[in-house]
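Asks: Before I ask anything, here is the structure I am working with.
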Amino acid sequence: PFAELRSAVLERQASLSGCICILLAWDQPRRDFLGDLKAAGIPVLALVVTDAEVPDQPNVHRLEVGKIAEGLARL
């Protein structure tokens, strides 16, 4: 479950110099997780793989299902 992943990463935040997150949904728990990382001063790059819209935010990029390579090329 995502909550377990979140806990595992945040427990090790002191050893992180940055975090690349590949997410399969864009919901409140995931937004909160990225907010916690940013609040800890950890640079974050989030890639959200979804067909749904993702609001424009710094360092959060939507990758459309079936067009991942094209989306990565635009980064």
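Asks: Determine if segment 24-31 includes at least one residue that is surrounded by 15 or more Cβ atoms within 10 Å (Cβ to Cβ) and in contact with a Cys (Cβ under 7 Å, 6 or more places away or on another chain).
Replies: The answer is no, given that none of the residues of segment 24-31 is surrounded by 15 or more Cβ atoms within 10 Å (Cβ to Cβ) and in contact with a Cys (Cβ under 7 Å, 6 or more places away or on another chain).
Asks: Which one of the conditions (1) open to solvent by less than 80 Å² (accessible area, probe 1.4 Å); (2) without any contact (Cβ under 8 Å) to a residue 24 or more places away in the chain does residue 39 fail to meet, given that it meets all the rest?
Replies: (1)
Asks: Right, next: I'm told residue 3 meets every condition in (1) open to solvent by 70 Å² or more (accessible area, probe 1.4 Å); (2) over 10 Å from the mean Cα position of the chain (by Cα) except one. Can you identify the failing condition by its number?
Replies: The number of the failed condition is (1).
Asks: Which is touching a His at 6+ places or on another chain (Cβ under 9 Å) and within 15 Å of residue 21 (Cα to Cα), of 37, 47, 63?
Replies: Criteria check complete, one pass: 47.
Asks: Among the numbered conditions (1) at negative phi; (2) outside any helix (DSSP H, G or I), tell me where residue 66 comes up short.
Replies: Evaluating residue 66 over (1) at negative phi; (2) outside any helix (DSSP H, G or I) leaves (1) as the failure.
Asks: Report, by residue number, each residue of segment 1-42 that is in contact with a Ser or Thr (Cβ under 9 Å, 6 or more places away or on another chain) and closer than 20 Å to residue 63 by Cα.
Replies: 23, 24, 25, 26
Asks: Can you list residue pairs whose Cβ atoms sit under 6 Å apart, with the first residue in segment 18-36 being within 17 Å of residue 65 (Cβ to Cβ) and the second being part of a loop (DSSP other than H, G, I, E, B) and open to solvent by less than 30 Å² (accessible area, probe 1.4 Å)? Count only pairs 6 or more apart in sequence or on different chains.
Replies: 26/54
The values are calculated or read from the model by the stated rules, or taken from the named source; none is laboratory data. The structure displayed is predicted, hence computed values, not measured ones. Because the Cβ atoms are built from the backbone with ideal geometry, glycine has one as well, and the counts that use them run over all protein chains shown. The area values use the complete protein model at the heavy-atom level, side chains included, leaving out ligands, DNA and RNA. Shrake-Rupley method; radii C 1.70, N 1.55, O 1.52, S 1.80 Å.
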